[in-house]
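Some notes on the structure that comes next.
The values are calculated or read from the model by the stated rules, or taken from the named source; none is laboratory data. Since we're looking at a predicted model, the values are computed, not measured. Here the Cβ positions follow ideal geometry from the backbone for every residue, glycine too, while neighbour counts run over all protein chains shown.
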Amino acid sequence: MALLETKTEARRSGAGASALAMSLLRFLVTVVTTYLGLLAVTFFIGRVVPIDPALAIVGDRAPMHVVERVREELGLNLPLYQQFFIYIRQALTGDFGTSVLTTNPVMTDIRRVFPATIELATVGTLIGAFLGVPLGVLAAVKRGSIADQIVRVTGLIGYSVPIFWLGLLALVFFYAKLNWVAYPGRVDILYEYSFTPVTGFFLLDAAWQRQWDVLWDLFRHIILPGALLGYFSLAYISRMTRSFMLNELSQEYIVAARAKGLSETRIIWFHALRNAAVPLITVIALSYAGLLEGSVLTETIFSWPGLGLYITNSLQNADMNAVLGGTMIIGAVFIAINLLSDILYRTLDPRTRSR
C-alpha cells in the first residue's frame with residue numbers, strides 16, 4: 001500500500017514538473033515570437049517609408065557617389081533578407097545606429113530621455129489608479145444611480161475627447177488664465193544648472209538631494225500633463241473596476257456574507273474588491289504600458305523632454321534610426337509589462353495555474 005502511494009505521488013510530481021516545463025516553454029516561445037514580430041514590423045516600416053537614410057545623413061545636395069558610399073557603409077545595398085538579419089543582430093545587442101539629429105548613439109539618447117517618460121507615465125498611472133478604483137467601486141455599488149451615470153459619462157469623455165485638444169484647453173485655463181501650474185517643460189530654467197540629476201528621475205533626485213524648491217517647481221511642471229494622462233487612465237480603470245465589481249457582487253459568497261450579518265463596507269472593500277483586485281492588477285499594468293507608449297501627443301503639447309517628444313522631433317527630421325530605436329524600446333517595454341502582468345495574474349489567481 002505504501003509502495004502504491006509512493007508511485008502515485010511520484011507520478012503526480014512528474015506530471016507537475018512536466019506541466020511547469022511546458023508552461024515555461026510556451027512562455028519563452030511567446031516572448032521570442034512577439035519580439036521577433038516587433039523587430040520585423042519596425043524593420044519593414046523603416047524600409048517602406050519614403051525616406052532614404054543615406055540622404056538623411058549626407059543631405060539631398062550631396063554628390064551621388066557620396067550617397068552610394070554611405071548606402072554601402074550602412075548595408076543598404078545588400079539584399080533585404082541580409083539587411084533584416086543584420087538589423088536583428090544589432091538590435092539584440094542594443095545597437096540602433098546613430099541619430100542624425102543629435103549625432104549620438106540612439107541608445108544613449110534613449111537612456112537620457114526615457115526616464116522623463118517613465119516619470120510622467122508613473123504619475124499618470126498613480127492618479128488614474130487611486131481615483132479610478134474608488135470611482136469604479138462606487139459606480140458598481142450604486143448601479144443605475146446618478147453617481148453611476150456620472151462615473152460612466154466621465155469615463156466616456158475620457159475615451160472620446162482627443163488628448164491634444166484637452167491638453168491645449170488645460171494649458172489655456174490652468175496656466176494662461178489661472179497661473180496655477182508652470183509653463184510647458186520639465187523644470188524651470190533657473191534650476192537647469194543648479195540642479196544636478198543623478199538617476200534621470202528628477203522628482204526622486206530632488207527629494208534625495210533635499211532641494212525642496214526644485215521639487216516644488218518639478219511638481220508644478222508635471223502635475224498638469226500627469227493629471228491629463230491620469231484622467232485617460234482613470235477612464236479605463238474605473239470602467240474595468242465597475243465591471244469586475246458587478247461580477248463579484250453577484251456571486252454567492254456575497255449573499256452568504258450578507259446573511260451572516262457582515263457590514264456592507266466590509267463586504268465591498270474586504271471581500272468583493274479583494275477578489276476583483278487580481279484582474280485589476282492586469283488592467284493597471286496595461287494602463288501603465290499604454291501611457292508609456294501613448295504619451296507622444298502629451299509630451300509634444302507640454303514640451304516634455306521624454307521619449308515621445310524625441311521620436312516626434314526625429315520623425316520631423318527624417319531621423320529613422322532614432323524613430324525605429326524609440327519604437328523598439330517602447331514595444332519591448334510594452335511586451336515586458338504585458339508578460340509581467342500575465343505572470344502576476346497567474347501567480348495570484350490559483351484557478352489560472354492549470355491553464
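Assess whether residue 215 counts as being surrounded by 13 or more Cβ atoms within 10 Å (Cβ to Cβ), assigned to a helix (DSSP H, G or I), at pLDDT 90 or above and not acidic (Asp, Glu). Steps first, please.
Numbers: surrounded by 13 or more Cβ atoms within 10 Å (Cβ to Cβ): yes; assigned to a helix (DSSP H, G or I): yes; at pLDDT 90 or above: yes; not acidic (Asp, Glu): yes.
For residue 215, the condition - surrounded by 13 or more Cβ atoms within 10 Å (Cβ to Cβ), assigned to a helix (DSSP H, G or I), at pLDDT 90 or above and not acidic (Asp, Glu) - is met.
The set of residues in the stretch 154-193 that are without any contact (Cβ under 8 Å) to a residue 12 or more places away in the chain and among the polar types (S, T, N, Q) comprises 160, 179.
Scanning the stretch 14-33 for residues that are modelled with pLDDT under 80 and of a type in the set (S, T, N, Q) turns up 18, 23, 30.
The residue that is nearest to residue 45 (Cα to Cα), counting only those in the stretch 72-128 that are acidic (Asp, Glu), assigned to a helix (DSSP H, G or I) and within 23 Å of the chain's Cα centre (by Cα), is 109. Of all residues in the stretch 91-103, those that are closer than 8 Å to residue 322 by Cβ have Cβ atoms under 7 Å from Cβ atoms of residues that are not in a helix (DSSP H, G or I), 6 or more apart or on another chain, in 99/319; 100/317; 100/319; 101/317; 101/319.
So residue 277 passes all but one of these: (1) within 30 Å of residue 112 (Cα to Cα); (2) under 23 Å from the mean Cα position of the chain (by Cα); (3) not acidic (Asp, Glu). Which condition number does it fail? So the condition that residue 277 fails would be (1). Looking across the stretch 45-71 at every residue that is outside any helix (DSSP H, G or I) and more than 32 Å from the chain's Cα centre (by Cα), the one that is modelled with the highest pLDDT is identified as 63.
When 96, 114 are screened for being aromatic (Phe, Trp, Tyr), closer than 26 Å to residue 303 by Cβ, touching a Leu at 6+ places or on another chain (Cβ under 7 Å) and not assigned by TED's automatic domain parsing to the domain that holds residue 309, only 96 passes. Is it fair to say residue 202 is of a type in the set (Phe, Trp, Tyr), in the same structural domain as residue 287 (by TED's automatic domain parsing) and surrounded by 17 or more Cβ atoms within 10 Å (Cβ to Cβ)? Criteria met by residue 202.
Name every residue in the stretch 273-311 that is among the β-branched types (Val, Ile, Thr) and closer than 16 Å to residue 168 by Cβ, in order of residue number.
Matches in the stretch 273-311: 296, 298, 300, 301.
For the stretch 234-264, which positions are within 33 Å of the chain's Cα centre (by Cα), assigned to a helix (DSSP H, G or I) and over 25 Å from residue 336 (Cα atoms)? Of everything in the stretch 234-264, those that are within 33 Å of the chain's Cα centre (by Cα), assigned to a helix (DSSP H, G or I) and over 25 Å from residue 336 (Cα atoms) turn out to be 242, 243, 245, 246, 247, 248, 249. If you scan the stretch 175-204, which residues turn out to be part of a helix (DSSP H, G or I) and at pLDDT 90 or above? Passing the criteria: 202, 203, 204.
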